[in-house]
1. Hey, could you check the stretch 37-69 for residues that are within 13 Å of Leu4 (Cα to Cα) and of a type in the set (Gly, Ala, Ser) and say which is surrounded by the most Cβ atoms within 10 Å (Cβ to Cβ)?
2. Given the residues Asn96, Asn28, Asn34, which is the only one that is assigned to a loop (DSSP other than H, G, I, E, B) and either surrounded by fewer than 12 Cβ atoms within 10 Å (Cβ to Cβ) or assigned by TED's automatic domain parsing to the domain that holds Val131 (or both)?
3. For residues that are closer than 16 Å to Val143 by Cβ, surrounded by fewer than 14 Cβ atoms within 10 Å (Cβ to Cβ) and under 22 Å from the mean Cα position of the chain (by Cα), tally how many sit in the stretch 70-93.
4. Any residue that is part of a loop (DSSP other than H, G, I, E, B) and either at positive phi or surrounded by fewer than 16 Cβ atoms within 10 Å (Cβ to Cβ) (or both) - is there at least one of those in the stretch 133-142?
5. Which residues, taken from the stretch 15-25, are outside any strand (DSSP E or B) and over 11 Å from Ala47 (Cβ atoms)?
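The values are calculated or read from the model by the stated rules, or taken from the named source; none is laboratory data. The structure displayed is predicted, hence computed values, not measured ones. Glycine also receives a Cβ, built like all others from the backbone with ideal geometry; neighbour counts cover every protein chain displayed.
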Amino acid sequence: MKVLLKENVKGIGNRGDVVDVKDGFARNMLLPNNKALIASKKMELQAEQMRKAQATKNKKIADFVEASFNALNSSNITISAKAGTNEKLFGSVTVNEIAVAIGSQLNIEVDKKQVQEVEHIKTLGDHKVLVKLDSSHLAEINVSVINDGGTSK
C-alpha cells in the first residue's frame with residue numbers, strides 16, 4: 001500500500017515521502033497513529049511539489065549560511081568597554097554584546113547562542129571568538145576591545 005508520511009518514521013521514510021509499505025503495517029501502525037495517509041495520485045503530485053519547494057528553501061538557506069560564513073570568517077569587530085589603568089575591564093564583554101556588534105558592524109544577524117567565546121573577554125586588546133552558524137560552519141572572528149575612556153585608579 002502506498003502511503004504519504006505525515007512525520008518521520010524510522011526505517012521507513014521522512015515526512016512528505018510517499019512510500020510503499022505492507023498493508024498490515026499501514027492499517028495497524030501508520031494510519032491509526034496518524035503518521036500517514038493513504039496516497040492517491042493527486043497526493044503524490046502534491047508531495048513532489050512539497051519536496052521541490054523544501055529543496056529550494058534548503059538551498060536558499062544553505063547559500064545564505066555560506067555567504068554569512070564567508071563574510072564573518074576572519075572579520076574584525078570593535079567593542080568599546082570601560083577599563084582600568086591595568087587594561088582590565090570593569091566586568092567582561094558578553095556574547096550578547098558581541099552578537100549586537102556583529103549585527104551593527106557587519107550587517108549579519110546572529111543569535112547570542114551562536115557566539116562561542118574561546119575565553120571570557122576581560123581585558124582590552126584582540127580576542128578570537130567563534131560563531132557557529134550551523135553544524136558545518138564555524139567562523140572565527142577577531143574582537144578588538146578598546147577603552148571608551150572610563151579609566152579609574
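1. Ala39
2. Answer to the check: Asn34.
3. 2
4. yes
5. Across the stretch 15-25, the qualifying residues are Val21, Lys22, Asp23, Gly24, Phe25.
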